[in-house]
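Report on one structure; see the data block that follows.
Bear in mind these aren't lab numbers, they're just calculated from the coordinates by the rules spelled out. Values in this document were obtained by computation on a predicted structure and should not be read as measured data. Neighbour counts run over all protein chains shown; Cβ positions are idealised from the backbone, glycine included.
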Amino acid sequence: MAINFYKKIKRNISEDGLLVGSSGFLVNSMVGKIDFTKPLRILEIGSGKGPFTREIIRRMSIDSTLDVSEIKSEYNPWIEGMIQANPLKKVQLFNGCVTELLTRPEHYDVIVSSLPLKNFSRMNDQNAFLYRLIEGFKFALSDGGIYLQYQYFRSNKGDIEAVFGKEMDHIDFVPLNILPAFVYSMTK
Ligand SMILES: C[S@@+](CC[C@H](N)C(=O)[O-])C[C@H]1O[C@@H](n2cnc3c(N)ncnc32)[C@H](O)[C@@H]1O
């Protein structure tokens, strides 16, 4: 029993990059940075069971769209349940690597990412996955669009700044989360 629990924790950290789902405090800190008063094209990456998805769906207007990217289909029941419960909201779930959604220029106004960037290969050359990923965020964001990302340590802050060619607009610290997290806001 204890061994199974330990294995589950170990798998969560190595595959998903987290111990437990994000807290309401972290969700509010990230989602609270989005101006929902205008129609938005939103991309959420790495939904898991959907703590961010639920709040984005609740706040988004009916003329906004939300694409949810999650590589693991085991979380589909949670996200599909939210989609069915909100038939007036335009929400689509995409199973697969998010890079498949980053091919259209200026396609999104908001990117909300829970991706465990630290787990990806370092950005030592322009072919590294991490580099292509952050380049993809910049490419797919509209001018003035916002990229929101949380991290437990500020491991990839410099990588994001290097690709966007500027310093973060804001970094917030959210202590009430397992683990305490930093929230990056980067506008294009
Ligand atoms: C740290 S978890 C976040 C879960 C949830 N959003 C939260 O904050 O509690 C990261 C999620 O990203 C997903 N993921 C990892 N690589 C991905 C990729 N290349 N494309 C889409 N999703 C990915 C994982 O399957 C996992 O569900």
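Placing +1 on the Cβ of every Lys and Arg and -1 on the Cβ of every Asp and Glu, with nothing else charged, gives the stretch 23-187 a dipole about its Cα centre of roughly 280 debye.
Nearest 500 deg cm²/dmol is fine: what mean residue ellipticity at 222 nm does the chain get from its DSSP H runs of n ≥ 4 alone, each adding -39,500 (n - 2.57), divided by its residue count?
Numbers: 6 runs with 57 residues, N = 188.
So the helix-based figure for the chain works out to -8500 deg cm²/dmol.
Helices of the chain meeting both criteria, an alpha-carbon length of 15 angstrom or more along the long axis and an average Kyte-Doolittle score not below 0.0, with helices taken as full DSSP H segments, are 129-140.
Which entries in Lys89/Lys157; Lys72/Lys138; Lys33/Lys90; Lys72/Lys166 show an alpha-carbon gap greater than 31 Å? Too far apart for the 31 Å limit: Lys89/Lys157; Lys72/Lys166. The antiparallel fraction among DSSP beta bridges confined to the stretch 97-188 stands at about 70%. By the gyration tensor of its Cα atoms, with a ≥ b ≥ c the square roots of the eigenvalues, what is the shape of the chain: rounded for a/c under 1.5, prolate for a/b over b/c, or oblate? It is rounded, given that a/c, with a ≥ b ≥ c, falls under 1.5. The modelled label-to-label distance between Cys97 and Lys33, using points 7 Å beyond Cα along the C-beta direction, is 2.6 nm. When Val20, Val174 are sorted by how many other C-beta atoms sit within 10 angstrom of their C-beta, beginning with the fewest, the order is Val20, Val174.
One decimal place: the segment Ser155-Asp143 gains 1.7 nm when fully extended, by the rule 0.36 nm per residue minus the C-alpha distance. Each of Phe25, Gly96, Met168 was scored by the projection of its Cα onto the charge dipole of the stretch 23-187, and the greatest displacement toward the positive side belongs to Phe25; charges sit on the C-beta of Lys, Arg, Asp and Glu. By DSSP, the beta bridges lying fully in the chain are antiparallel in about 35 percent of cases.
The ranking of Asp172, Asp159 from fewest to most other beta carbons within 10 Å of each one's beta carbon is Asp172, Asp159.
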